[in-house]
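The values are calculated or read from the model by the stated rules, or taken from the named source; none is laboratory data. A quick note: this is a predicted structure, and the numbers were derived from the prediction, not measured. Positions of Cβ are generated from backbone atoms using ideal geometry, with glycine treated the same way; all protein chains shown enter the neighbour counts.
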Amino acid sequence: MKKPNAEMLLNAYAQGIFPMAHEDQDFEIYWYAPDPRAIIPLDAFHASRRLRQTVRRGTFEIRFSTAFEQVMEACAAPRGQDSGTWISAGIIEAYTELHRHGFAHSVEAWRDGELVGGLYGVALRGLFAGESMFHTERDASKVCLYHLVERMNERGYALLDTQFTTDHLAKFGTIEIPREEYEQRLDQALELDCRFV
């Protein structure tokens, strides 16, 4: 399968499944449901003292869903000499369609009119599934994550799915839970009626 569409994506996320494109397979789409699954418990999000100070200083202007496709393209850009990407043109097109339908959103850090960091993901009822993040200025993506958690708490969201654990995400309180527990939390989140924007 080369490219998912918005309806397919929504059905997948409602079942705890998400796609990734494989660069070495001509961007063939594969579907994943990891066990264990990584989440950030919203009541246990860890923001370092330095990050809280950066947020308080207002170093970045934070916007929500004003440059969604630009954030995705920045997330897809190579980050190192040998780094590839799982975000293909087909993935960008499908998630941009999902954004137009109101189910995919970005949190953006701007400075002097320039996008310098951001993240994007899928918001479905009480779930936000974080997909990727980027920064061109120090701490920009971390500030976006801080504001994502703040918005989720304000609007009654229940589940922040990060899919996999990385050393970077572990600093914010990411934990791994068995797939069975993830599915229970997902079912509870889908009972809610939250609005991201």
Here are Glu73, Glu69: which of them is within 23 Å of Ala6 (Cβ to Cβ), touching a helix residue (DSSP H, G or I) at 6+ places or on another chain (Cβ under 6 Å) and at pLDDT 95 or above?
Glu69
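If I filter region 138-174 down to residues being within 17 Å of Thr54 (Cα to Cα) and exposed (fewer than 15 other Cβ atoms within 10 Å of the Cβ), which single residue comes out as nearest to the chain's Cα centre (by Cα)?
Taking region 138-174 and keeping what is within 17 Å of Thr54 (Cα to Cα), we get 138-150, 171-172.
Add one more test, that the residue is exposed (fewer than 15 other Cβ atoms within 10 Å of the Cβ), and what stays is 138, 171.
On the way: Arg138: 19, Lys171: 16 Å.
Only one residue tops the list, namely Lys171.
When region 175-197 is examined, which residues are found to be among the aromatic types (Phe, Trp, Tyr) and part of a loop (DSSP other than H, G, I, E, B)?
Of region 175-197, the ones among the aromatic types (Phe, Trp, Tyr) are 182, 196.
Once the filter is applied, which keeps residues that are among the aromatic types (Phe, Trp, Tyr) and part of a loop (DSSP other than H, G, I, E, B), region 175-197 yields only Phe196.
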Name the pairs: first residue in region 158-174 and in a helix (DSSP H, G or I), second residue buried (at least 19 other Cβ atoms within 10 Å of the Cβ), Cβ to Cβ under 6 Å, at least 6 apart or on different chains?
Leu169/Thr162
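Which residues, taken from region 104-145, are under 17 Å from Leu160 (Cα atoms), of a type in the set (Gly, Ala, Ser) and outside any loop (DSSP other than H, G, I, E, B)? Quick ask: steps written out before the conclusion?
Narrowing region 104-145 to residues under 17 Å from Leu160 (Cα atoms): 104-107, 118-133, 141-145.
Now narrow it down to the ones that are of a type in the set (Gly, Ala, Ser): 104, 106, 118, 121, 123, 126, 129-130, 132, 141.
Within region 104-145, Ala104, Ser106, Gly118, Gly121, Ala123, Ala129, Gly130, Ser132, Ser141 qualify.
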Within region 21-41, restricting attention to residues that are on the phi < 0 side of the Ramachandran plot and surrounded by 17 or more Cβ atoms within 10 Å (Cβ to Cβ), which residue is farthest from the chain's Cα centre (by Cα)?
Ile29
Residue within region 55-69 that is of a type in the set (Val, Ile, Thr), loosely packed, with under 15 Cβ neighbours inside 10 Å and out of contact with any Gly (no Cβ under 9 Å at 6 or more places or on another chain) present:
yes
Of the conditions (1) closer than 24 Å to Gln15 by Cα; (2) touching a Leu at 6+ places or on another chain (Cβ under 7 Å), the single one that Lys142 does not satisfy is (1)
Under 22 Å from Ile87 (Cβ atoms) and at pLDDT 95 or above - does that describe any residue in region 150-159?
no
